[in-house]
Amino acid sequence: MTLREGAIAVAREAAGRILEVYDSEFAVRHKDDRSPLTAADLAAHHCIVDGLARLDAGIPVLSEESAGITTAQRREWSRFWLVDPLDGTREFVKRNGEFTVNIALIEDGVATFGVVQSPVSGALWHGGAALGAFRRDGDGDDRPVSTRR
């Protein structure tokens, strides 16, 4: 399995973990910066960190929910995963469906590949500068994403 397909599978698995919490009663705590934190944030974080380690244990993971990784350590990384396990926790708490799972592979300071998964709609976007950009829905087919001027 390629890193791209592996990251897509991990993002979909994390979306499932998020929806398990979304469909239940859940508590909301707050981090030191006063941003909300739920069991869904933590479930997605653990799912993604574990899943990416299974793909390639040699690529470190920096997640929004990571603790104890110093700036000095991160500066040593030429290649790492940058993750926001649940981007839009405030929207998650409001239950409006407008939140995503975000995973990017960073190489020499440049995002070379990324995945954005919408748990509620099931839509997934992935791509990279050398790869193009695509939307993948439940049918598994990639549809090119284009832009307009």
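The values are calculated or read from the model by the stated rules, or taken from the named source; none is laboratory data. From a predicted model like this one, the values you see are computed outputs, not experimental measurements. Using ideal geometry, Cβ is built from the backbone for each residue, glycine included, and neighbour counts are taken over all protein chains shown. What goes into the accessible areas is simple: the full protein's heavy atoms, side chains included, and nothing from ligands, DNA or RNA. Shrake-Rupley method; radii C 1.70, N 1.55, O 1.52, S 1.80 Å.
For residues in the range 79-100 being farther than 13 Å from Pro119 by Cα and modelled with pLDDT under 95, which is least open to solvent (accessible area, probe 1.4 Å)? Out of the qualifying residues, it is Val93.
In the range 22-43, the residues that are over 18 Å from Pro119 (Cα atoms) reach residues that are in a helix (DSSP H, G or I) and hydroxyl-bearing (Ser, Thr, Tyr) with C-beta atoms within less than 6 angstrom, at least six apart or across chains, in these pairs: Pro36/Thr89. Taking Gly68 as the residue in question, decide whether it is modelled with pLDDT under 90 and among the small types (Gly, Ala, Ser). For Gly68, the condition - modelled with pLDDT under 90 and among the small types (Gly, Ala, Ser) - is met. Just wondering, is there one or more residues in the range 105-125 that are open to solvent by 20 Å² or more (accessible area, probe 1.4 Å) and aromatic (Phe, Trp, Tyr)? Taking every residue of the range 105-125 in turn, at least one turns out to be open to solvent by 20 Å² or more (accessible area, probe 1.4 Å) and aromatic (Phe, Trp, Tyr).
Counting only residues that are without any contact (Cβ under 8 Å) to a residue 60 or more places away in the chain and surrounded by 14 or more Cβ atoms within 10 Å (Cβ to Cβ), which one in the range 1-19 is nearest to Ala53 (Cα to Cα)? Break it down into steps so the answer makes sense when it comes.
To start, the set of residues in the range 1-19 that are without any contact (Cβ under 8 Å) to a residue 60 or more places away in the chain comprises 1-2, 5-6, 9, 13, 17.
After this cut, where a residue has to be surrounded by 14 or more Cβ atoms within 10 Å (Cβ to Cβ) as well, the list is 6, 9, 13, 17.
Values: Gly6: 11, Ala9: 13, Glu13: 14, Arg17: 18 Å.
The selected residue is Gly6.
Regarding Ala44, is this residue more than 25 Å from Ser121 (Cα to Cα), part of a helix (DSSP H, G or I) and not polar (S, T, N, Q)? The answer is no for Ala44.
Can you tell me which of Ala72, Ala67, Ala57 is surrounded by fewer than 13 Cβ atoms within 10 Å (Cβ to Cβ), without any contact (Cβ under 8 Å) to a residue 40 or more places away in the chain, part of a helix (DSSP H, G or I) and not β-branched (Val, Ile, Thr)? Only one candidate passes the filter, namely Ala72. For the range 24-52, taking the residues that are acidic (Asp, Glu) and modelled with pLDDT of 90 or more, the one that is most open to solvent (accessible area, probe 1.4 Å) is identified as Glu25.
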